[in-house]
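The values are calculated or read from the model by the stated rules, or taken from the named source; none is laboratory data. What you are looking at is a predicted structure, and each value in this text was computed from that prediction instead of being measured. FYI the Cβ positions are ideal-geometry reconstructions off the backbone, even for glycines, and counts take in every protein chain you see.
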Amino acid sequence: MLEELRISDLGVIDDAVLDFAPGLTVVTGETGAGKTMVVTGLGLLFGARSDAALVRSGSARTAIDGRLRVPTNGRVAGLLDELGADLDDGTLLVSRVVGADGRSRAQVGGRSVPVGTLADLADDLIAVHGQTDQLHMRSPARQRAAIDRFGGAEIDAILTAYKSAYRGYLDIEARRTELVDRARDREREAELLRAGIADVEAAAPLPGEDVALAAEVARLSHADLLRGAASSAHAGLLRDPAGDDVPDAVGLVAGARAALERAAPHDPSLKIMADRLGEAGYLLSDVATDLAAYVEDVEAQPHRLEAAQQRQSVLATLVRRHVAGSDLRAGEGGGVDEVLAWAAQATERLAELDDDGSRIAELTALSQQRHEAMVTLAAQLTSARERTAATFGSAVTAELRDLAMPHAAVTAAVRTTQTYGPHGADEVELQLTPHPGAPSRPLAKGASGGELSRVMLAVEVVFAGADPVPTFVFDEVDAGVGGRAAVEVGRRLARLARVAQVIVVTHLPQVAAFADRHLVVVKSDDGLVTRSGITSLDDTGRVAELSRMLAGIEGSALAQGHAGELLAAASGFKLSL
């Protein structure tokens, strides 16, 4: 709710403060006194386009400050929290400054913000219906949301189900699209894995084979050296009986053992050492036998060496291709062992990639099912909106008959698109047919300023209770009407004021009589509206102001009597609400 508005250097207003209250507040005054500047100031405060021409002549800037009571939860509270705006017990300070150079600045809760933020706040706080602008209900999204609220539980239930289906469809479609978009990369990866696995399968390496091959190649490459070393060692251990008389190790050990055994009867300890020499002799004989066999086995095998080296080359290529720098490296181990680990992991990965095709098919089928469910609910939503729009149009048209627009008709056109969004596939546009035979046009293009305000009054009255905006502002909503129609305008404003704060700039006493608070704008002698130039009237002051509005002169007893009758009739109507 708007509690206070301060306007400085705007048009004819020098410095003025307006205090507002719940219910219906009317602003009256002589023609040219600056009443419409109040609405203009409210428009600027809530994001209307700035115009340097609005700055009072001789001033450097126009400043608009507002104090509002705002909800402590919901979208507005969330937006204010994001902005870091300061709230004082639910009270918000908003300001807008427009310089003579046309530049504009805005603040919300002590924080500098883009001017667009003011318009964002206005969506949930105020509906300004001026002679030249309609800050509320002009966007198709807002009109659709209003129709949805007007539809009540029926549309709400369908819309809730549709939103769930829409989110489910988007989730499945996103997953399917991701797989499809990555299919080419994944197919390329699969082809590389298949080729790598084929390489490994063709080579058929065995665990530890590269280590065994390295040992074999080393032995075959040094066959002569190994044979010579083994022959020399064998000769040293056990000489050829047919050879020279050079003693060998086995013979020497045997001779040492025989010497000890001859003396052993005289000292048992020599017997022990003789036995040990016997064991050494047996061991040397075994080694000599093994060396002889080794010499027989070791021989140069060029063909086998070449084959082993070729095999080493094959395994080295596998290691280089499929282990070095691979994301599928196994743990520590030999090169071939890592190749085998890579092949095992690559096989698992390939199975995952090969499953993508079937997964895409599954997701495609599921996406189609959810899309069909979403489309079905969207069609139900469209039907419900069309029924609601017809009811709404009839109700607004009926209101217009009593607002001096007997031949006008308002419709809510529901147009279905091929694009599905979070609220369905419908666009809703409020249209006005000013008289039979005339084409229907969007509200802002189908009516003059005064007619548009009356149409919006009828719309807001019909929407009352469905639209959560707490404050409505109307400028000259009664333009072009009088008599009974003016009384009907006042009644509708009073009815709307039972569910929201309503601020009206009017020149008709029939409308002003329904006010809960009556503000009058008076120019000073120098032609400016100062702080003292806006006054809240008491009962006596209201009679005097209504008399002036009725007769155009002050002090008319007849006009005062008529004013009293208007106030009494309006009071009785408000008591009946």
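Here P22 fits the description: part of a loop (DSSP other than H, G, I, E, B) and either of a type in the set (D, E, K, R) or in contact (Cβ under 8 Å) with a residue 60 or more places away in the chain (or both).
Number of residues in segment 105-116 that are out of contact with any Lys or Arg (no Cβ under 7 Å at 6 or more places or on another chain) and crowded, with 20+ Cβ neighbours inside 10 Å equals 1. Looking for something more than 30 Å from the chain's Cα centre (by Cα), closer than 19 Å to S112 by Cβ, in the same structural domain as T506 (by TED's automatic domain parsing) and acidic (D, E) - is there at least one such residue anywhere in segment 20-43? Scanning segment 20-43, I find no residue that is more than 30 Å from the chain's Cα centre (by Cα), closer than 19 Å to S112 by Cβ, in the same structural domain as T506 (by TED's automatic domain parsing) and acidic (D, E), so the answer is no. Evaluate the following for A479: is it closer than 30 Å to A161 by Cβ, outside the structural domain of L42 (by TED's automatic domain parsing) and at pLDDT below 85? Taking the combined requirement at face value, the residue does not satisfy it. When segment 466-517 is limited to residues that are among the hydrophobic types (A, V, I, L, M, F, W, C), in a loop (DSSP other than H, G, I, E, B) and in contact with a strand residue (DSSP E or B) (Cβ under 8 Å, 6 or more places away or on another chain), the one that is farthest from S547 (Cα to Cα) turns out to be V469. Quickly run through segment 37-53 and pick out the residues that are surrounded by fewer than 20 Cβ atoms within 10 Å (Cβ to Cβ) and of a type outside the set (G, A, S). Selection gives R49, D51. Within segment 133-145, is there a residue that is among the acidic types (D, E) and modelled with pLDDT of 90 or more? No, segment 133-145 contains no residue that is among the acidic types (D, E) and modelled with pLDDT of 90 or more. One residue stands out among those in segment 325-337 that are surrounded by fewer than 16 Cβ atoms within 10 Å (Cβ to Cβ) and under 19 Å from A204 (Cα atoms): the one that is modelled with the highest pLDDT, which is G333. Scanning segment 390-437 for residues that are out of contact with any helix residue (DSSP H, G or I) (no Cβ under 6 Å at 6 or more places or on another chain), assigned to a helix (DSSP H, G or I) and closer than 27 Å to D156 by Cβ returns A390, T391, G393, S394, T397, A398. Residues in segment 280-312 that are over 18 Å from A235 (Cα atoms) and assigned to a helix (DSSP H, G or I): P302, H303, R304, L305, E306, A307, A308, Q309, Q310, R311, Q312. Filtered by the rule that a residue be more than 17 Å from D123 (Cα to Cα) and in contact with a Lys or Arg (Cβ under 8 Å, 6 or more places away or on another chain), segment 51-92 gives V55, T62, A63, I64, D65, G84, A85, D86, G90, T91.
For S50, the conditions (1) in contact (Cβ under 8 Å) with a residue 40 or more places away in the chain; (2) over 40 Å from the mean Cα position of the chain (by Cα) all hold with the exception of (2). Quick check on R370: is it crowded, with 21+ Cβ neighbours inside 10 Å, charged (D, E, K, R) and assigned to a helix (DSSP H, G or I)? Judged against the criteria, R370 is not a match.
Search segment 148-189 for residues being at pLDDT below 90 and among the β-branched types (V, I, T), and hand back the single one that is farthest from T382 (Cα to Cα). So, considering only residues that are at pLDDT below 90 and among the β-branched types (V, I, T), the one farthest from T382 (Cα to Cα) is V180. Across segment 17-36, the number of residues qualifying as buried (at least 24 other Cβ atoms within 10 Å of the Cβ) and of a type in the set (A, V, I, L, M) comes to 3.
Are there any helices (runs of 4 or more DSSP H) wholly within segment 174-275 with 2 or more residues that are more than 30 Å from A288 (Cα to Cα) and under 60 Å from the mean Cα position of the chain (by Cα), and if so which? Here the list reads 183-203, 209-221. Does A458 satisfy the condition of being outside the structural domain of D19 (by TED's automatic domain parsing) and either at pLDDT below 85 or farther than 30 Å from S59 by Cα (or both)? It is true that A458 is outside the structural domain of D19 (by TED's automatic domain parsing) and either at pLDDT below 85 or farther than 30 Å from S59 by Cα (or both).
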